[in-house]
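Everything on this sheet refers to the single structure shown next.
The values are calculated or read from the model by the stated rules, or taken from the named source; none is laboratory data. What you are looking at is a predicted structure, and each value in this text was computed from that prediction instead of being measured. Heads up, the Cβs are rebuilt from the backbone with ideal geometry, glycines too, and the neighbour counts pull from every protein chain shown. Just the protein is used for accessible areas: all its heavy atoms, side chains included, with ligands, DNA and RNA removed. Shrake-Rupley method; radii C 1.70, N 1.55, O 1.52, S 1.80 Å.
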Amino acid sequence: MEAEQEYREEGRIEQPPETSGVEKVPVVGVRFRKAGKIYYFKPGSVELQKGDDVIVETARGIEFGTVVVGPRLVPLQETVAPLREVIRKATPEDRVRMEENRERAREAFKICEQKIAEHGLPMKLIDVEFTFDVGKILFYFTAEGRVDFRELVKDLAAIFKTRIELRQIGVRDEAKLLGGLGPCGRELCCSTFLGDFEPVSIRMAKGQNLSLNPTKISGICGRLMCCLKYEEDAYRSCPRQESCTCAADKDYLFEEEITEESPDNGNYDPAGGEEEF
């Protein structure tokens, strides 16, 4: 879907060249946080363009998001069911409400930290997020192993009078949420533009003739740097030989095709536990 050519003119969908036998539907791509995953919705009767703030319904409830992919036509089989429609464009009142939710999330963060300390739980709170309609509050945390937070959930539900979800995340997601500067001196890729984490292998560093010193090829999360993936295709497309001379007149050694994945690909730990009350 990402490679699909975009057809739009002043926010209106333009019919692309006909593809026989393929049903296409109009969609827009929406993000709910910076560098977050892109979710697709039907624009319906709402005229939208890139940069518009919108109100949509998701599995978590009513959410406030931003259109990052303008109207386009994509094959129906490439969409994820159910494909919901955008409810409406966001109003100034909606933006004020979002700021209020962010302020409430900061207060909830302090309260949750106090409760974690009271219960003596071995967990580190990373972020708190309110859904737009405050139908659910999500608390993101890291921990070495599984944590029994049932009593914590009960306390938080009694305080906030809404549904509570605690979600354990990995170290890559922690870096993505907190942000920071990488070894290159720039802001972290994961917190600025990477929507999804891709598997990264030590063989990628070998294939690019990089130092295998962990301090040289690891990010601040302690895992292999995501940027090792960026030039992997270029190196793999070079002729297979023991060495080849590139533009910089340096010899680069190439390894066999990469088949293994990093043990931590940045996805939420399914064994980490999510509990609602």
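Counting only protein chains, not ligands or nucleic acids, how are T66, T215, T131 ordered by accessible area (probe 1.4 Å), most first?
The most accessible residue leads, giving T215, T66, T131.
Can you pull the Rg over Rh of the range 174-217, Cα-only, Kirkwood?
Rg divided by Rh gives 1.01.
Enumerate by residue number the chymotrypsin sites (Phe, Trp or Tyr not before Pro) in the range 186-243 meeting two conditions: DSSP loop (anything except H, G, I, E, B), and at most 11 other Cβ atoms within 10 Å of the site's Cβ.
Answer in residue order: F193.
Students sometimes get this wrong: rank S201, S237, S45 by accessible area, probe 1.4 Å, all chains present, largest first.
Most to least solvent-accessible, the answer reads S45, S237, S201.
Could you tell me the distance between the Cα centroids of the range 70-120 and the range 150-200, to the nearest Å?
Centre-to-centre distance over Cα atoms comes out at 14 Å.
Sorting I164, I202, I87 by accessible area (1.4 Å probe), largest first, what list results? Don't skip to the answer; put the middle values down first.
Working: I164 0, I202 55, I87 85 Å².
Solvent-accessible surface, decreasing: I87, I202, I164.
Shape call for the range 89-244 from the C-alpha gyration tensor, a ≥ b ≥ c root eigenvalues: rounded (a/c under 1.5), prolate (a/b greater than b/c) or oblate?
On the way: a/c = 3.24, a/b = 1.97, b/c = 1.64.
It is prolate, given that a/c is not under 1.5 and a/b is the larger ratio.
Kindly report, to the nearest 10 Å², the accessible surface of E165 as traced by a 1.4 Å probe over protein heavy atoms only.
Near enough 10 Å² of accessible area.
For a 32 Å ceiling on Cα separation, which of these pairs sit above it: K37/K89; K154/K176; K136/K229; K124/K206; K24/K89?
Correct reply: K136/K229; K124/K206.
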